[in-house]
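The values are calculated or read from the model by the stated rules, or taken from the named source; none is laboratory data. In this text, all values refer to a predicted model and were calculated from it rather than measured experimentally. Note that each Cβ is placed from the backbone with ideal geometry, even for glycine, and that neighbours are counted across all protein chains shown.
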Amino acid sequence: MAGADGDDSLYPIAVLIDELRNEDVQLRLNSIKKLSTIALALGVERTRTELLPFLTDTIYDEDEVLLALAEQLGNFTMLVGGPEYVHCLLPPLESLATVEETVVRDKAVESLRKISQEHSPVDLEVHFEPLVKRLASGDWFTSRTSACGLFSVCYPRVSSTVKAEIRQHFRTLCSDDTPMVRRAAASKLGEFAKVLELDYVKSDIISLFTALASDEQDSVRLLAVEACVSIATLLPQEDLETLVMPTLRQAAEDKSWRVRYMVADKFSELQKAVGPEITKNDLVPAFQNLLKDCEAEVRAAAANKVKEFCENLPEDNREQIIMTHILPCVKELVSDTNQHVKSALASVIMGLSTILGKDNTIEHLLPLFLAQLKDECPEVRLNIISNLDCVNEVIGIRQLSQSLLPAIVELAEDAKWRVRLAIIEYMPLLAGQLGVEFFDEKLNTLCMAWLIDHVYAIREAATCNLMKLVEKFGAEWAQNTIVPKVLGMANDPNYLHRMTTLFCINVIVHCCGYPYREITTKQMLPVVLKMSNDQVANVRFNVAKSLQKIGPVLDSNALQTEVKPVLEKLASDTDMDVKYFAQEAISVLALA
Amino acid sequence: METTKLPPSSPSSPTTSFSVPSAEKVDGFPRRSMRRARQRRSHSSSQFRYQSSQVELTPLPLLKDAPVAELHDLFCKKLQQCCVLFDFLDCVADLKGKEIKRAALNELVESVATSRGVLIEPLYPEAIKMISVNIFRTLPPSENPEFDPEEDEPTLEASWPHLQLVYEFFLRFLESPDFQPSMAKRYVDQKFVLQLLELFDSEDPREREYLKTILHRVYGKLLGLRAYIRKQINNIFLRFIYETEHFNGVAELLEILGSIINGFALPLKAEHKQFLVRVLIPLHTAKSLSIFHAQLAYCVVQFMEKDATVTEYIIRGLLKYWPKTCTQKEVMFLGEIEEILDVIEPSQFIRVQEPLFKQIAACISSPHFQVAERALYFWNNEYILSLIEENCQVILPLVFATLYRVSKEHWNQTIVSLIYNVLKTFMEMNSKLFDDLTASYKVEKQKGRNRRLLSHVSDGIYSIIHHIIFHIVSMYCLGHPLNTDHGS
């Protein structure tokens, strides 16, 4: 092969090609990844006549190598001489599209789809379409599943006779003997429908769709639900009732929960695809049933869609539909036995308030929010709290605040630190909506308590939370409410708490910055300096780090007379970390 | 004509052979899964929902008191009565009805098992209908989405008190001396079998145990369904391997296959070989291999015992899928290789020894001592040892360098002493070859030291080559589309 014929300039390429045959997988893989370099060096002609046949012959390899090869070949058009010669890439990709391993096959199909666009219409019929046919009539299921993904890319660009053949092949695969192939066909049904002429959609696709949607295996039926969205979008409104709806109704009541789950999961898309009239007559009762389904999985999927479904209802009688049909089901879900259902609902229920308006929200939704705020599952409560902004816009948060507080306090003291962490993250949002007064009165103590939590992640989050609060409420508020409490901790017997003081000072200085030099110099700096005498080395080197952050805010007098001596002392500390950070601060602040 | 033999382990009464793993562990650490198990309810089954209106059951006269003339009619009525489903999630709902159905099922089981002449033709459709209504249902979603069959307690089927009796009835029905396959085949058809196979995904091991025995009987008695059953099992496995990686009944299906393979006629049909190469071997790649490995290895060995010519496919297949990171699986693979070598024909051994012993050498140098140990145990197996001895000229050079190096380097003393034994065995086998290899190893090692000095240079060389080539070619192609499209 190349390079063996004594052409010196190709010697390095010969090395790479040699590695394509190496025993070590890693070397083969490296070489395959540099395939474009090899091809580039060989030139387009030798790539076509030598490299590609070689690759086609040696296709039995580790899946990892094959995957890399399948991917590379998708970008090879230019390297074999442009669109004119792109069909040379088909033989190796055809073999790759028949291997067992799904990821390799999928990648080969992806590359084939890509290069199909680079074929001229003539080449598509002469080279590409025969390949699709060969795959579609392959012995083993792998080639037939691959074929399913290729019909839609060649269909639009071939003659009508070939089109008829393609439709025939697709039909055959939809009733294939093995469920694997039927699944592949069902998953490509929507895509294929999009490229077909409307008449054929009505005559061919609908019958295939109906057949797949009543397949004996639920794994096939559920894929037909996905196709339903695309098909319904393609058809004129007047045909939907006869062509699509019987199948969709059947799917919504399928005996397998997986199919019903799929319907629930795709509900918003289905709703848009079938339009407002059918939604009113058919989908509303179907949705009610899904919300009351006997499997929690289905109820949770439907609950997730409650807000979107209601939003997309036709406006003229949206409110009436929600109030008489949807809300009663929602009320039941609030006390569902399954926590996933409740928390799915809690993540969207607040969105209903904007749709229903102030009065309905107060009368009907508020009790539900309050009930969920008292739910035993923390995730439900968190989901409510994290969506408070929607309600705030409609009724103002005061309505809720009385119930909110106990819920927040309970979450703030939850035994699981991840729950505490989650509620901390909502504090700035809550503070913004509840206002300074309410915050100072009720929540400030909580925020301070988190600073001395026994889990570091919580103390860290609490510090970060302080920063956001200061950004919201301003430096003056910080000076009056936060700073005294933070500085008080500097004398705490626990060194971890003393360090928290330093961390808080860092963030406060970062927010208040230069205009509030006063607070920094007068109140915080003395405390930091005093802590440089701490017994614990961790505190001392954090003093050095803090000074480095505070330094830029201070005036040069304070820097020279107060900070410099302390840093110099720390720079000669017995602990090497303290020394290191002190020296770093000295050089950053240019005090040397 | 293919025959099937009952698997030795298949119990005549599955209830006695199965025991639920004890929830009380003595190690004092409450296991994560058990805490969870206590919190959750038993399974909900999707089946109850489809009962349109609840029927009030009234007890019928006992079968044993019925006059002979009315026996079949009564039997039929009882079957119909048993088609009513009950809600077992609500354990106090309709207790009376549940009790009537339980008693009826018990009577039916006993009647089919003990009295002769009960099973007449008109009863077949009724019996199959009763069985279908009760057992066929979409299995509910697992309550534990990350259900790990090795770690977690399975969720049990809530309606088991009835379901078990229905399965028991089905089994007795199939095993009854009066059972007529020619009549049954009209009702136990392909659709029925497909639904039966889907139930193997049940999380409840008691249910799978019954299904296993039942499917085996169906395979044994209804000859027309055999090919179909094999094909559908294939599909289940292929889906498991390439699509979902989740199916609870793989071990049970393999156990049935083990005895099916045993009955294959010779020479093996292409269909069966394809099953071996394209399904059984790839099954080794599954993440949950440990759950069904014993049954899988049994099937593989069965194939070899049937027809030695498949040996090479098997060994090369296993080598292809050899675990790269999971040492637990590596130990299982080694165990399977030993089972295979135990029955391998010497002529077949010669065909695979080279790649095989390269892999074994790689295992011996594994830093995980269990892997190294498992590989070294091969030398304790007399038959394997005799194969090695016959082919010492080929094998010793393959493993020598590894053995020599690992004996000096391995951290684990047990491994080191095992290797010494192996080296000693080889020395006794062929001392001349051993000495030659020792000498050349030392020369190679010296060379290797020199080469290592150079290897730092060559590591970087490919990236340099890549850049140089690219640079040169780009210069040539300046202005040509190539150089803009393929910059790297």
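Quick notes on this structure:
- Enumeration of residues in the range A:1-58 that are closer than 23 Å to A:Ser95 by Cβ, crowded, with 20+ Cβ neighbours inside 10 Å, of a type in the set (Val, Ile, Thr) and modelled with pLDDT under 80: A:Ile17
- Annotation note: Cβ proximity below 7 Å between a residue of the range A:565-590 that is surrounded by fewer than 16 Cβ atoms within 10 Å (Cβ to Cβ) and a residue that is among the aliphatic types (A, V, I, L, M) (sequence gap 6+ or interchain) occurs for A:Asp575/A:Ala537; A:Asp577/A:Ala537.
- If you go through the range A:185-238 and keep only what is within 14 Å of another protein chain (Cβ to nearest Cβ), part of a helix (DSSP H, G or I) and touching a Leu at 6+ places or on another chain (Cβ under 9 Å), you end up with A:Ala186, A:Ser187, A:Val220, A:Arg221, A:Leu223.
- Some residue of the range A:289-300 being in a helix (DSSP H, G or I), among the small types (Gly, Ala, Ser) and within 14 Å of chain B (Cβ to nearest Cβ): yes
- Filter pass, B:Val188 being crowded, with 21+ Cβ neighbours inside 10 Å and outside any helix (DSSP H, G or I): yes
- Test result for A:Met531, touching a residue at least 12 places away in the same chain (Cβ under 8 Å) and touching a His at 6+ places or on another chain (Cβ under 7 Å): no
- Only one of the numbered conditions (1) under 23 Å from B:Ser347 (Cα atoms); (2) surrounded by 19 or more Cβ atoms within 10 Å (Cβ to Cβ) is not met by B:Ile260, and that is (1).
- Set B:Phe303, B:Phe357: member being buried (at least 17 other Cβ atoms within 10 Å of the Cβ), among the hydrophobic types (A, V, I, L, M, F, W, C) and under 22 Å from B:Leu423 (Cβ atoms): B:Phe357
- With respect to the conditions (1) within 12 Å of chain A (Cβ to nearest Cβ); (2) under 21 Å from A:Val220 (Cβ atoms); (3) polar (S, T, N, Q), B:Gln274 lacks only one, and its number is (2).
- A:Gly138 meets each of the listed conditions (1) in contact (Cβ under 8 Å) with a residue 24 or more places away in the chain; (2) of a type in the set (Gly, Ala, Ser); (3) assigned to a helix (DSSP H, G or I); (4) surrounded by fewer than 22 Cβ atoms within 10 Å (Cβ to Cβ) apart from (3).
- Residue list for the range A:57-87, restricted to those being closer than 22 Å to A:Val122 by Cβ, more than 10 Å from chain B (Cβ to nearest Cβ) and within 34 Å of the chain's Cα centre (by Cα): A:Leu73, A:Gly74
- The set of residues in the range A:253-266 being more than 14 Å from every other protein chain (Cβ to nearest Cβ) and in a helix (DSSP H, G or I) consists of A:Val263 alone.
- The numbered conditions (1) over 21 Å from B:Lys221 (Cβ atoms); (2) part of a helix (DSSP H, G or I) are all true for B:Ile261 except (1).
- Qualifying residue in the range B:324-346 (condition: aliphatic (A, V, I, L, M), surrounded by fewer than 14 Cβ atoms within 10 Å (Cβ to Cβ) and within 24 Å of A:Asp24 (Cβ to Cβ)): no
- Residue in the range B:115-123 that is away from chain A (no Cβ under 14 Å), touching a residue at least 12 places away in the same chain (Cβ under 8 Å) and polar (S, T, N, Q) present: no
- Which listed residue, of B:Leu139, B:Leu119, B:Leu108, B:Leu156, is buried (at least 16 other Cβ atoms within 10 Å of the Cβ) and in a helix (DSSP H, G or I): B:Leu108
- If you go through the range A:301-341 and keep only what is of a type in the set (Val, Ile, Thr) and not in a helix (DSSP H, G or I), you end up with just A:Thr337.
- Test: residue in the range B:137-145 that is more than 14 Å from chain A (Cβ to nearest Cβ) and within 23 Å of A:Asp218 (Cβ to Cβ): no
- In this entry, A:Thr178 passes the filter for residues that are over 27 Å from the mean Cα position of the chain (by Cα), modelled with pLDDT of 90 or more and either over 30 Å from B:Tyr242 (Cα atoms) or surrounded by fewer than 21 Cβ atoms within 10 Å (Cβ to Cβ) (or both).
- Taken together, the residues in the range B:307-335 that are within 14 Å of chain A (Cβ to nearest Cβ) and part of a helix (DSSP H, G or I) amount to 5.
- The residues in the range B:238-253 that are aliphatic (A, V, I, L, M) and away from chain A (no Cβ under 14 Å) can be counted, and the count is 3.
- Filtered residue count, the range B:278-322, keeping only those that are charged (D, E, K, R) and more than 28 Å from B:Pro149 (Cα to Cα): 5
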